[in-house]
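Here is the structure we will look at.
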Amino acid sequence: ATVAQMESAEFRPADKLNDLESLKQDYEKLRIANEFHRLVGMERDLKSLLDKILKVAFQLLAADNAVVFLASEEGTLSPQAVLRRKQDAAEVVVSDTVLKRVTETRSAVLTADAILDSRFSSSESIVAQGIRSAMAVPLLSKGVLQGVLFCDTRERTNAFSEKDLKILSSIASQAAIALENSDLTRKIARE
């Protein structure tokens, strides 16, 4: 699945809510935003902020690995923080094909079984690493790509649902704002 990345949560007006499922979805967005703000709202240290972003993703999703990539001024992505559920796990290698797809389309990507997914069949790293399920979402702030948030599991197919992708997208939207605020704070301190 590919989901267009929204920079802010879209909440329907109360008079437009006509079913319990819509109300549950909006509540979930608010819960995630609240949890995220509680943990990272005033964080200004970049390393600590990135670590907290990954910890929130692990709290809400059944990922085995998560990586935050940040974009340079030239637009190249480099990994800045990595979290593994199993500390003795091998190094996390992320497919350039997945990263390229997210950066080019500015859309979130979900694959239920990356090895069998035709979009990534030419990606040697997916096959070599045995990535089964993966999600990647852009970190967008005011239309500018700040980075990519990537989660995967190597043990289960269909580990993530479209709901999980929406949760990760919500985390990414909030993370992009937190990263921008952190960057502004550091620039002000330097000046």
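The values are calculated or read from the model by the stated rules, or taken from the named source; none is laboratory data. Here the structure is a predicted model, which is why all the values come from computation and not from measurement. Glycine gets a Cβ as well: all are built from the backbone with ideal geometry, and neighbour counts include every protein chain shown. Areas reflect the complete protein model, heavy atoms only, side chains present, ligands, DNA and RNA absent. Shrake-Rupley method; radii C 1.70, N 1.55, O 1.52, S 1.80 Å.
Miscellaneous remarks
- Positions within region 27-44 being touching a residue at least 40 places away in the same chain (Cβ under 8 Å) and either open to solvent by 40 Å² or more (accessible area, probe 1.4 Å) or in a helix (DSSP H, G or I) (or both), in sequence order: GLU28, LYS29, ILE32, ALA33, PHE36, HIS37, VAL40, ARG44
- The set of residues from region 5-21 being of a type in the set (D, E, K, R), modelled with pLDDT of 75 or more and assigned to a loop (DSSP other than H, G, I, E, B) comprises just one member, ASP19.
- Just one of the listed residues (LYS100, LYS24, LYS47) is surrounded by fewer than 19 Cβ atoms within 10 Å (Cβ to Cβ), touching a residue at least 24 places away in the same chain (Cβ under 8 Å) and assigned to a helix (DSSP H, G or I), namely LYS47.
- Residues of region 16-36 satisfying the condition of being charged (D, E, K, R) and more than 25 Å from ALA175 (Cβ to Cβ): LYS16, ASP19, GLU21
- Only a single item in (1) within 23 Å of GLY75 (Cα to Cα); (2) modelled with pLDDT of 85 or more; (3) not hydroxyl-bearing (Ser, Thr, Tyr) is not met by LEU165, and it is number (1).
- Which numbered condition VAL127 fails, given (1) open to solvent by 40 Å² or more (accessible area, probe 1.4 Å); (2) part of a loop (DSSP other than H, G, I, E, B); (3) at pLDDT below 75: (2)
- Cβ-Cβ contacts under 6 Å between residues 6 or more apart (or on different chains), taken from a first residue in region 53-76 that is among the aromatic types (Phe, Trp, Tyr) and modelled with pLDDT of 90 or more to a second residue that is surrounded by 14 or more Cβ atoms within 10 Å (Cβ to Cβ) and not in a loop (DSSP other than H, G, I, E, B), are listed as PHE69/LEU77; PHE69/PRO79; PHE69/GLY147; PHE69/VAL148.
- Checklist (1) at pLDDT below 85; (2) crowded, with 21+ Cβ neighbours inside 10 Å applied to PRO138, failing item: (1)
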